[in-house]
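Chemist: Next up is a structure, given as structure tokens.
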Amino acid sequence: MSILWHPALRADWLVLRRTGAIAFVRILGVPVLLLTCCAALACGDFYRGYGWCLAAAALLALGGSHAIAHQGLLDALERWQLGWCAALPVARGAAARTLLLITIVALTASLVIVTVLLLGVSFGAPHRGDLPYAFAGIALALVAGTALAILRVFRRGAFAAHHADGIREPVLAAEWLNDPRLPHLLDWQRRAALVRWRRGGSLVMVGLVLGTVPMGAPMLEVAALVLLVLSWSWLALVMRASADATSLAVTLLGAEPLDMRRARLASFRYPLVAAACALLPMAAGAILGRSGVAALAWMVCACAFSAWPFVRILRATRAESPA
Amino acid sequence: MTALLRAKRVCVAYGDARVLDGIDLEITRGEFVALIGPNGAGKTTLLHAIAGIAPVCGGTVDIAGHDLAKAPREAKQSIGLAIDPPSLPELLTGREGLALFAGARGLPAIPRTTLALAETLSLTSVLDRRVASYSLGMRQKLGILLGLIGEPPLLLLDEPFNGLDPRSALAFKAHLAALAAKGDASVLLATHSLDIAERHATRVVLLMDGRVRRSWDADELAAMREQPERSLEKGMAEACEKES
């Protein structure tokens, strides 16, 4: 491979090919959903002539592309700088060049997909003449969002701020939350959640849900929806991070005479507190939305989807010994 | 003397590959046993099988009178496994990691002896930094401290001197020798450093292809120290030649 590009690119590609279709769906699923939502929003302009729909689509494209690019670039950078290829004699700037190349290819593909989608949804629409404006608005937003993510990721000190070193202590330390019989497991879970939250990938869900809000919806209901989606998105991320941190901790303490019952109780502290914290904005959203049944259904769905990490924690703290 | 560790016909397999094939090993209190052997011989797997973190597919491991399979918590009270540097929790500080391990051992706080050893190994000044910022040597030292927390009677160490500066390595060797001499702890050390095995161990066991091929007792090792032409290096080379 040329010294222009990072050698891990080829390895990542081979792994991706061998993982199969699921890997491609995982990588492409959210970006394609984002672009589809943008095109769907633009329909409001093509069919009804609502100009603000284009602005909303552009805003969604800006935020969504930024969140996806920021998380993807940080993940790749961490894998390359700290993973198996960290010690390879890689040419100066090769990582940045390679990531820029991947970003440009992804951006070009996104523009092609957006063009096809806009051509498709505007076919036979009364305001089809707005097509160039819709394309220009969404394309500019995609480019701007991605460019902003690149600038943020490659600015000096950005990597450290998003890695383990950059995690600051919480304003409200709440020492009592830590289980004295397994101290700092909660800190581990909290920091793991914070690292993931800062990467921003979860925020794209907020944009996607907002993209499906019906035109002319009252602002109060939109605000309620934002509260519900944001709190769910945060809770889901915290649950996953807590389950992952617990699995790592149990593996690390594998040779210790660990009381699994105590470990289970300690592992549930942070996720339960997080769930309680997330229920507050969810309840506020329900009150704002003034639709009790829908809000209740939403909260039940949120709890059901967040239950899987709970099961993972239970499974991780179940076995006394692999022997 | 009763054995602190009694491993009988221990087998470990990963898929079709049998990594350990009927290992018998006994260690009594105060013994310093060095495990030597070529790469892939099964040294690390044997340590993990004794620590209860590698799935054993045959045989028994008995630690301080407790069967590891039947009473894992009781058996694990008597062992301390030094943690491999890449496995350390990067999001915690060194001190937080020590507190987590102390908690897992049922200790109310980090024992003074552990903090004293941290001082001896010159790690105290960085204990409040996140592990992510540690060098390999610092990680190795923290891994050792985590294994020695609560002074378990059987220490399982896998190449613990890798990355240690000479001063810290010397201090740690002296610490291990003192523990073994007092009879407070037994050491099972997996190493490629034949020099350390020859100088400090009371018994050396050669592992090849998942089996014990040869062992040298204290008298043989003492003879080697007196007669340099009978080194462990030569003994191991002869054993390897016989095997091939």
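The values are calculated or read from the model by the stated rules, or taken from the named source; none is laboratory data. Owing to the predicted nature of the structure, the values given are computational and were not obtained by experimental measurement. Cβ placement follows ideal geometry from the backbone for every residue including glycine, while neighbour counts extend to all protein chains displayed.
Chemist: I'd like to verify a number: residues in segment A:245-280 that are closer than 18 Å to residue B:80 by Cα and among the β-branched types (Val, Ile, Thr), how many?
Modeler: Residues in segment A:245-280 being closer than 18 Å to residue B:80 by Cα and among the β-branched types (Val, Ile, Thr): 2 in total.
Chemist: Between residues in segment B:158-175 that are among the small types (Gly, Ala, Ser) and residues that are outside any helix (DSSP H, G or I) and buried (at least 16 other Cβ atoms within 10 Å of the Cβ), which pairs lie under 6 Å by C-beta distance while being six or more apart or on different chains?
Modeler: B:168/B:121; B:169/B:161
Chemist: Look at residue B:155 and say whether it is within 27 Å of residue B:25 (Cα to Cα) and more than 13 Å from every other protein chain (Cβ to nearest Cβ).
Modeler: Considered against the rule, which asks whether it is within 27 Å of residue B:25 (Cα to Cα) and more than 13 Å from every other protein chain (Cβ to nearest Cβ), residue B:155 comes out as no.
Chemist: Which condition does residue B:62 not pass, out of (1) surrounded by 17 or more Cβ atoms within 10 Å (Cβ to Cβ); (2) among the charged types (D, E, K, R); (3) within 15 Å of the chain's Cα centre (by Cα), if it passes all the others?
Modeler: With (1) surrounded by 17 or more Cβ atoms within 10 Å (Cβ to Cβ); (2) among the charged types (D, E, K, R); (3) within 15 Å of the chain's Cα centre (by Cα) applied to residue B:62, the lone miss is (3).
Chemist: Sticking with this one: Just give me the residues in segment A:89-132 being loosely packed, with under 13 Cβ neighbours inside 10 Å and under 16 Å from residue A:12 (Cβ atoms), in sequence order.
Modeler: Answer for segment A:89-132, where residues must be loosely packed, with under 13 Cβ neighbours inside 10 Å and under 16 Å from residue A:12 (Cβ atoms): just A:105.
Chemist: Residue by residue through segment B:167-196, note down the ones that are buried (at least 19 other Cβ atoms within 10 Å of the Cβ) and at pLDDT 90 or above.
Modeler: Answer for segment B:167-196, where residues must be buried (at least 19 other Cβ atoms within 10 Å of the Cβ) and at pLDDT 90 or above: B:168, B:169, B:172, B:186, B:187, B:188, B:189, B:190, B:191.
Chemist: Inspect segment B:1-23 for any residue being assigned to a loop (DSSP other than H, G, I, E, B), without any contact (Cβ under 8 Å) to a residue 60 or more places away in the chain and of a type in the set (A, V, I, L, M) and give the result as yes or no.
Modeler: yes
Chemist: Hey, another quick one. Taking only segment B:99-110 into account, find how many residues are more than 7 Å from every other protein chain (Cβ to nearest Cβ) and surrounded by 24 or more Cβ atoms within 10 Å (Cβ to Cβ).
Modeler: 0
Chemist: If a residue must be facing another protein chain (nearest Cβ under 7 Å) and not in a helix (DSSP H, G or I), how many such residues does segment B:56-82 contain?
Modeler: Taking segment B:56-82 as the starting set, the residues that turn out to be facing another protein chain (nearest Cβ under 7 Å) are B:56, B:68-69, B:72-73, B:76-77, B:79, B:81.
Checking which are not in a helix (DSSP H, G or I) leaves us with B:56, B:68-69, B:77, B:79, B:81.
So the count comes out to 6.
Chemist: Got at least one residue in segment A:67-77 being over 29 Å from residue A:194 (Cβ atoms) and modelled with pLDDT under 85?
Modeler: Residues of segment A:67-77 over 29 Å from residue A:194 (Cβ atoms): none.
So far as segment A:67-77 goes, no, none of its residues is over 29 Å from residue A:194 (Cβ atoms) and modelled with pLDDT under 85.
Chemist: Further question on the same structure: Inside segment B:31-52, can you point out the residues that are within 14 Å of the chain's Cα centre (by Cα) and either surrounded by fewer than 23 Cβ atoms within 10 Å (Cβ to Cβ) or not small (Gly, Ala, Ser) (or both)?
Modeler: Quick first cut of segment B:31-52, residues within 14 Å of the chain's Cα centre (by Cα) only: B:31-36, B:42-52.
Residues satisfying the conditions are B:31, B:32, B:33, B:35, B:36, B:43, B:44, B:45, B:46, B:47, B:48, B:50.
Chemist: Can you tell me which residues in segment B:185-219 are touching a Pro at 6+ places or on another chain (Cβ under 7 Å) and assigned to a loop (DSSP other than H, G, I, E, B)?
Modeler: Hit for segment B:185-219 is B:185, nothing else.
Chemist: Cβ-Cβ under 6 Å, sequence separation 6+ or interchain: first residue in segment B:38-55 and facing chain A (nearest Cβ under 7 Å) and touching a residue at least 24 places away in the same chain (Cβ under 8 Å), partner hydrophobic (A, V, I, L, M, F, W, C) and assigned to a loop (DSSP other than H, G, I, E, B). Which pairs?
Modeler: What qualifies is B:51/A:255; B:52/A:323; B:52/B:68; B:53/A:255.
Chemist: Right, here's the next one. Report every pair of residues separated by at least 6 positions or lying on different chains whose Cβ atoms are under 9 Å apart, first residue within segment A:115-127 and at negative phi, second part of a loop (DSSP other than H, G, I, E, B) and modelled with pLDDT under 90.
Modeler: From segment A:115-127, the pairs are A:126/A:49; A:127/A:49.
Chemist: Count, please, the residues in segment B:83-98 that happen to be surrounded by fewer than 24 Cβ atoms within 10 Å (Cβ to Cβ), in a helix (DSSP H, G or I) and facing another protein chain (nearest Cβ under 8 Å).
Modeler: Residues flagged as surrounded by fewer than 24 Cβ atoms within 10 Å (Cβ to Cβ), in a helix (DSSP H, G or I) and facing another protein chain (nearest Cβ under 8 Å) within segment B:83-98 amount to 2.
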